[in-house]
Amino acid sequence: MNWEVVIGLETHAQLQTKSKIFSGSSIAFGAEPNVQANAVDIALPGVLPVLNREAVVCAIKFGLAVGATIAPRSVFARKNYFYPDLPKGYQISQFEIPVVQGGGLSIRVGAGDTATEKFVHLTRAHLEEDAGKSLHEDFHGKSGIDLNRAGTPLLEIVTEPDMRSSAEAVAYARALHALVQWIGICDGNMQEGSFRCDANVSVRRPGEPLGTRREIKNLNSFRFMQQAIDFEVQWQINEITEGRAIRQATVLFDPDTGETRSMRSKEDAHDYRYFPDPDLLPLEIGADWIAEVESGLPELPQAMQARFQAEYGLSAYDAAILTASRAMADYYVAAVAVAGGANGKAVANWIMGELAARLNKGDMDVAASPISAAQLAGLIQRIADNTISNNIAKKVFEALWNGEGKSADEIIEKQGLKQITDTGAIEALVDEVLAANQKSVEEFRAGKEKAFNALVGQAMKATKGKANPQQVTDLLRKKLGA
Amino acid sequence: MSDLINASLKELGAALAAKKVSAVELATLFLDRIDALNPGLNAFIALDRDRTLAQARAADESLKVGAGATALTGIPLAHKDIFCTKGWRTSCGSRMLENFISPYDAHVVEKLAAAGMVTLGKLNMDEFAMGSSNETSYFGPVKNPWDSSRVPGGSSGGSAAAIAARLAPAATGTDTGGSIRQPAALCGLTGLKPTYGAVSRYGMIAFASSLDQAGPMAKSAEDCALLLTAMAGFDTRDSTSLERPAEDYSRDLEKPLNGMRIGLPKEFFGEGMDADVRAAVEAALAEYRKLGATTVEVSLPNSGLSVPAYYVIAPAEASSNLSRFDGVRYGYRAPEYGDLNDMYSKSRAQGFGAEVKRRILIGTYVLSHGYYDAYYLKAQKIRRLIAADFQEAFKVCDVIMGPTSPSVAFAFGAKSADPVQMYLSDIYTISTNLAGLPGMSVPCGFGATHLANPMPVGLQIIGSWFGEAKMLQAAHQYQKATDWHTRMPGGLS
Amino acid sequence: MITYRARRFRQQTALFPSGSTLSTPLLAMSLSPEDISRIALLSRIELSPTELETTRDQLNGILGFIEQLQAVDTTGIEPMAHAVDVVQRLRPDVVTETDRRDDFQAVAPETEAGLYLVPRVVE
């Protein structure tokens, strides 16, 4: 039996402001409980919210980056429910008229040349405040409430139910994760909860109406997202196959068991009684403000990918890899700026080859690379101008990684790695090699091509790899009359 | 000293400036009166003599050196217990906040303190400002100083009774549907609700956020103008506070009324107003004509819908505003409970009184799924119709006048059994809150004149948006020609 | 859950004979005990069985009173959420607050180690 999986994602991205969305408290992570919860955040009687301008700027940036409509007038609403981490008894959010409407994200699913492109439509993105935290370690059978996080600005980004597999969901989440960091509105730190996803999952037979969905809450890693969705899909299929209808529910993923389970606290019938917050007036965003924000926005990944393909002849895949994160793209752009556009392809190869391998081995981000973009570019320039061969370049790379010198030039100089290109010197060397390896010469003349390679190897070995391999090859062939 | 309890704020200021009396002497005078008379009135629900006298000493110091002293420095006043007042218990008339010592000051409290005014104490009120008779206070009803068997009005009933009994020269109040004007009328005082947004709501415990507005209550329009000038002004902490240049609300007081056009809504003069109230209001209008004003009939065709629209909007906002009282961070928590929801439900059931619970339940219902459009959205549309009526009326008049309340103060218990009857006490005042307009009440005579204790009647003056100065001018010129505002209840001096 | 019954519209027109209130009876809603229980649960207000009955009567009285709004034609009228027609003012993104936890927790019913304590929260 064929099943179609339908997934929509709701992501809460914590916005990179200094203060909270409606108060002047700090949003820095990791403070002592409740020391960053002021009168507004703990909802003392009589306090009032005032909107943080920077949070709106973040929403505008996001709207521009996903090609959405920025609402000229949007409204804050109260979402009413009781929970101890929600001090006012309502969350200030946006309901009927969100600040960002529509738009979408292009994602690549799969790897390499087999990857496919897909466009995920966004329904909306709206500004809201975060809740505090309930700590469940035992306080004599009670829970402890920390309101430092209450009032932290969030952008909730909601997709259409466009994704058809856990792989697509993860690809979207990764692309979104990269984008929000790219435009500088979210630090993307998933451990600290700065980027949290809820997945709405349902299954249906192709062509049938949408099935009943269950919402998996608080997925804070891509791996868990994949596991949780896969488990949930299988569970739903089993339920339906065994004749049990799916009931709408909110579930949590337990990484220890790899299973999803219903949340008890959300079982109560809820009715959020949304209504426009009378303490906040309509948010107006004029075209001039949007233009001002747009002028400060960095080049977006999609535009950059197209440019890399056109200017440097990169493949779509390479361009996508190099724009997978702002740090990666920054590194590439900086390296090309030094190495020159003609070396764009070589720079890409080195970043995705040698550098990526070393970074992966050390589980490091490109931003933390011990070899700077300028250093890598210097190395590539020396390859391009034949100062060193590719093989020697790997040695220089290693030396740069280990901090043995400040630049490729310094290492080449210090370690005497400069390629020998003097024809006279190479000719003398070739003569020496031919004289010392008569056996190989015989074998070559007898038709063994392998013997030629051995002769090249001998010549390179004699110069510790510094001879220009092309020149050695050419001279050998000439001397052997081949 | 007895002339000091009847003195205007201007006279008190002059006496202080001339060193005829010190702020400490003045505060002591009123504190002693409070000690003597409050047990019979129940107007004050929090007193702190040491704190009051410390403020008075500071005021005397400032008067002595002259630095930073204002026309109000050293003059005592009392705050409705809806205003958060640092270090004072701020209960909002509720058991829920019986032990809540506010860790901060409301903007209004800050501003009046900055002007050098001395806080005498906190005033009783209907619980969370929900009531028109002061019978819903957890701390017991306030008695009307004119007749202790009658209500003082509400919700700022403590403020009204305190001033009427000369326990304080002035007080703060708040007005969501008439809570300044109606008790001012019922106690024979002058009280003013400013244009929505003129006075910051920061630190004023919210009842219905889109309607709540703080204002002054005092004996005269002149006093109210002085107080309003000190209370009003832009505050960055309230998003609905309006960014306008500071105003001197006394500026037009002495201008004559020649040519002022008074609109009389025909809907305010139909059936429903008691005959004694009508007689006093008509007499006041005759006085206005004598003073050079003209009257013109206007129509507010949707004003009949203001009470039902209000009883959708106000409870809806209140149900949400009062959700923060959950027994977690402050306020009442039930002594015994089971799980979390039980803690919430018992704490709120025991912490709130009947009227507050009723309004929370109504508000929850009208916002709930499937009913929002029929009730809340509908009421908001009607609110616009009501506001548009006023806009139309102000095309042909400068101020609008009518009764503040349909009757004089009623007896305790007279309307407690039927909430709707109680709600109709605010029938003439509610529409201005819905429209965001300024309104005031000035004493204009007495009703129930056949009784041993005739009761005050209030004339309501409604201004156009930001028309406070004009309203105050109309009130002050009337008060120069009449002496209703100087009358004092008998047996209290 | 909601039951409908014909209900005599409360006479309110006496005060405003020229107003636009109605004099014709409307189909007004009446809340059932189950409705009251649901509203009380949403509001987190415990009601005893007797309170539930009196509350039901009073709420039905109030709902009957506000029912008159239904008869008004509001086609094309924009809802009015605020008393003034202005837009949201924005605050600069500056941290202005200092730690006042001790002050704030002085009025809290129950705290420990800087946390507010509540009955155990079950997720």
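The values are calculated or read from the model by the stated rules, or taken from the named source; none is laboratory data. Predicted, not measured: the structure shown is a model, and the values here were computed from it. Reconstructed Cβ throughout: ideal geometry from the backbone, glycine too, with neighbour counts over all protein chains shown. Protein only, heavy atoms only, side chains kept; ligands, DNA and RNA dropped before computing areas. Shrake-Rupley method; radii C 1.70, N 1.55, O 1.52, S 1.80 Å.
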What's the FRET efficiency of A:GLU208 with A:SER295 using the Cβ-Cβ distance as r and R₀ = 60 Å, to the nearest 0.05?
0.80
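Taking beta carbons within 10 Å but only from partner chains, what does the mean come to for residues B:415-427? If you can, show how the numbers build up before the last one.
Working: counts 0, 0, 1, 3, 5, 8, 1, 0, 3, 3, 0, 0, 3.
Per residue, the average neighbour count from other chains is 2.
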Would you tell me the mean number of C-beta atoms belonging to other protein chains that fall within 10 Å of each C-beta in B:344-355, as a whole number?
4
Working from Cα positions, state the angle (0 to 90°, nearest 10) between the long axis of helix A:53-65 and the longest principal axis of chain A.
60
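Summed for both chains, how many Å² of accessible area, to the nearest 100, are buried between C and B with a 1.4 Å probe? Please report the intermediate quantities before stating the final value.
Details: alone 11290 and 17810 Å², together 22910 Å².
About 6200 Å² of accessible surface is lost on pairing.
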With all protein chains modelled, accessible area of A:PHE95 [1.4 Å, Å²]:
90
Per-residue accessible area, 1.4 Å probe, largest first, puts A:LYS345, B:LYS255 in the order B:LYS255, A:LYS345
Under the helix-only model (-39500 (n - 2.57) for each DSSP H run of 4 or more, divided by the residues of chain A), the mean residue ellipticity at 222 nm, to 500 deg cm²/dmol, is -11500 deg cm²/dmol
In whole Å, what are the Cα extents of region B:364-493 along the three principal axes, biggest one first?
57, 41, 23
Sorted list, accessible surface of protein heavy atoms, 1.4 Å probe, largest first, for A:VAL35, B:VAL442 is A:VAL35, B:VAL442
Quickly work out the A:ARG223-to-A:ARG445 label distance, labels modelled 7 Å from Cα along the C-beta direction, and quote it in nm with one decimal.
6.3
Which peptide among B:362-372, A:441-451, A:36-46 comes first, and what is the full order, when sorted by highest mean count of other Cβ atoms within 10 Å?
A:36-46, B:362-372, A:441-451
Accessible surface, 1.4 Å probe, highest first, among residues A:THR17, A:THR69, C:THR98, B:THR28:
C:THR98, A:THR69, B:THR28, A:THR17
Could you grab the Rg to Rh ratio for chain A? Cα atoms only, Kirkwood for Rh.
1.12
Is the shape of the protein assembly as shown rounded, prolate or oblate, going by the alpha carbon gyration tensor and its root eigenvalues a ≥ b ≥ c, with a/c under 1.5 for rounded and a/b larger than b/c for prolate?
prolate
Could you give the angle, 0 to 90 degrees to the nearest 10, between helix A:326-339's Cα long axis and the longest principal axis of the Cα atoms of chain A?
30
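Equivalent-ellipsoid semi-axes (√(5λ), Cα gyration tensor) for region B:121-208, whole Å, largest first? Spell out each step's value before the answer.
Values: eigenvalues 76, 40, 25 Å².
Largest first, region B:121-208 gives 20, 14, 11 Å.
Using a Förster radius of 45 Å, what is the FRET efficiency between B:LYS86 and C:ASP73 based on their Cβ-Cβ separation? Nearest 0.05, please.
Numbers: r = 50 Å, r/R0 = 1.11.
Step by step, r from the Cβ atoms, then E = 0.35.
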Can you pull the mean other chain C-beta count within 10 Å for peptide B:295-307?
4
In whole angstrom, note down how far apart the Cα centers of region C:49-107 and region A:152-229 are.
34
Given the protein assembly as shown, what percent of its DSSP beta bridges are antiparallel, to the nearest 5?
85
Cα→Cβ-extended label distance, 7 Å offset, between C:THR98 and A:THR463, nm
7.2
With angles folded into 0 to 90 degrees, how steeply does helix A:222-241 sit against the dominant principal axis of chain A? Use alpha carbons for both and round to 10.
60
So what J values fall out for region A:357-367 if you push phi through Karplus, 6.51 cos²θ - 1.76 cosθ + 1.60 with θ = phi - 60°, rounded to Hz, Gly and Pro as x?
4, 5, 5, 4, 4, x, 6, 10, 8, 4, 5
Whole-Hz Karplus couplings 3J(HN,Hα) for region A:198-209, θ = phi - 60° and coefficients 6.51, -1.76, 1.60, Gly and Pro as x, run 10, 10, 8, 10, 9, 10, 7, 7, x, x, 7, x
Could you state the number of Å between the C-alpha centres of region B:187-205 and region A:417-446?
101
May I ask you to list, by number, the DSSP H helices of chain B whose Cα span along the axis is at least 18 Å and whose average Kyte-Doolittle hydropathy reaches 1.6 or more?
none
Regression test value, accessible area per residue of chain A, probe 1.4 Å, units Å², expected 43
Integer Hz, Karplus 6.51/-1.76/1.60 couplings in order for region A:447-452, x for Gly and Pro:
x, 8, 5, 4, 5, 5
What whole-number distance in Å separates the alpha-carbon centres of region B:51-115 and region A:358-384?
66
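So for chain B, Kirkwood radius off the Cα pairs, Stokes-Einstein at 25 °C and 0.890 mPa s: how many µm² s⁻¹?
Details: Rh = 22.2 Å.
The estimated diffusion coefficient comes to 110 µm²/s.
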Would you compute, from DSSP H runs of 4+ residues alone, the mean residue ellipticity of chain B at 222 nm, taking -39500 (n - 2.57) per run and dividing by the full residue count, rounded to the nearest 500?
-11500 deg cm²/dmol
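Using Cα pairs closer than 8 Å and at least 6 residues apart in sequence, work out the relative contact order for chain B, in percent.
Numbers: 1213 pairs, mean separation 87.0, N = 493.
The value is 18 percent.
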